[in-house]
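First comes the structure, then the notes that go with it.
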Amino acid sequence: MKAYITITAISPPDANEPDYINPTAFLQPDAGAAQVVPGKACPWLPALAAAANMRQAMGEALRTGGGYPLDEGLAMLGTLGLDGLIARLQQPGPGREALSTKYIFNYPSCCLMPELIPLELAGGGWALLDSLGPSFRTIDRVACEHAVRPPEKTLAILFQESGDRVFEHIADAVCERLGAELSINVYRGGELANPRRRYDLLQEIFRRHRAVIFLGHSHEDGGAAGGGWRLTEANENPLLMSELKTFFPPPQEAASRPRLLRRPRPMAEVVFANCCSSAMGDFAGIHRPAHSYPNLFLGAGVRFFIATSMKVWWQSPESGSQETQRLLVDFFSRWAAEPDGVIEHLYRAKYPSLQDEQDRGGLQTRPMFETATGWVGAGLALPSPAPAAALYQVYCPGEPSEGPGRREPTGAIVSGLARGNWFGRYELLDDAWASPYARTFQARKQDGSHHLVQILADEWQDDPQIGCALTSAVEHLRKAAPAISFRPAPNSRC
């Protein structure tokens, strides 16, 4: 079963922060009718506070070796307005093994963490929503640079140099375990901290390798410089995300050039940022606009960005090193064999005992599946100690490959439309065509005339600039085909 969950933070006009969140879910069973599950609009500040409490409680559980903070998880569920979705998942249904989920956020709401919601199992105990199946995130509308991919099975590892050498040991372990499957180059943070070599090494790391791993601590700075990645123990010349924003090609400028004049550049396909708060962003300041780290990488042409919006605490350097090694080796060994299966690979690496094979020494979760009585598992499914691997999520620019040739857009709004639905003054008839961004229907207006109606995918529904963009597109169509009447449908909302 596939689920599409949209969580949008809504801001009043001229407001500095959102006022409430508007969640919606769309469920597409493997067989049977699809179902839209409306969410409940919830105030923004309680949702934000519950997410902050969850971060703190989860961090404490990771640091002390405690179990998942169930009370904070239930409190977070109550502020996200997804009670209807959880109730639906607990209803009887046909048997299936996993729930595949796409989460759609706008920039303010991406700090929320629905993946860590607890789900009560019919057979007793609880499970993370994240553990029910593979999932990925999208944020806003990302203007993506078209990229040429470097050679397959090439991996660059950039690690922060530190006194305990823990990140160096992890890099060495990954090389030892995967050296036969991948061509791996390792870069010390001190090399990149040298201003004279920095640009050339960035070119080498991101443009000559299919995948990139960063191992280290995050550099957090609320000043004009913003945050980034630490490279050395003394934190000399950290690699700032604002610097990478300058290094990467600006997709907006590239998009303004004629397509025939664009020259695609090589760019890594997968970036795994193994550090605290690697999926957050820089707040707006006097000298800079706000920007999202995931959108920064995705906009530069990275296809899959793997990161976390939380601090990753280790109970000890040894335990943290072992868990990080296991996660990276498991994930990249799968990726080496099947590069397109990143979303599935990360899920399997995060929850290895959900496989049919023997437990591989990782998280002690139990297999979960859906039967006629709902989701069940063998005993308490929430792992203890709390799983650091569960904090990592995959970010994609839109629709990753869910199958060869798949082009249909997905979402709570656009996927729920069918023949016979009314869209404004138009009755939808048969599908005409689809792209990752919209569905186009043959339609009949109330006066009996026939038209083509194009309905945007959910991520584009609330774009404040879409009206101007559509008007401009209509003008171009009118000039190209003056004999045909083109016009946008006014005030058309689902």
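At-a-glance table
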item: Peptides 72-84, 296-308, 52-64 ordered by average Cβ neighbours within 10 Å, highest first; result: 296-308, 72-84, 52-64
item: Candidate lysines for bridging to residue 350, where Cα separation is under 22 Å - those fewer than 8 sequence places away on the same chain excluded; result: 2, 102, 153, 311
item: Potential extension, residue 126-residue 476 segment - 0.36 nm per residue separation minus Cα distance; result: 120.5 nm
item: Scattering curve values for the range 2-141, log₁₀ I(q)/I(0), Debye with Cα scatterers, q = 0.11, 0.16 Å⁻¹; result: -0.42, -0.87
item: Expected-Rg normalisation [2.2 N^0.38 Å, Cα atoms] applied to the range 143-204; result: 1.31
item: Amide H contacts under 5 Å for residue 42, placed H, 5+ residues apart; result: 21
item: Under-5 Å amide H pairs with residue 394, H placed in peptide plane, nonlocal only; result: 137
item: Ranked by how many other beta carbons lie within 10 Å on average, peptides 332-342, 264-274, 13-23 from highest; result: 264-274, 332-342, 13-23
item: Fully extended contour minus Cα-Cα distance, from residue 207 to residue 35, at 0.36 nm per residue; result: 57.6 nm
item: Amide H contacts of residue 309 (H built 1.01 Å from N, under 5 Å, at least 5 apart or other chain); result: 279
item: For peptides 162-172, 207-217, sequence by mean Cβ density within 10 Å, most packed first; result: 207-217, 162-172
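Each reported figure results from applying straightforward, stated rules to the coordinates on display, with no laboratory input. Predicted, not measured: the structure shown is a model, and the values here were computed from it. Here Cβ is always computed from backbone atoms with ideal geometry, including for glycine, and neighbour counts include all displayed protein chains.
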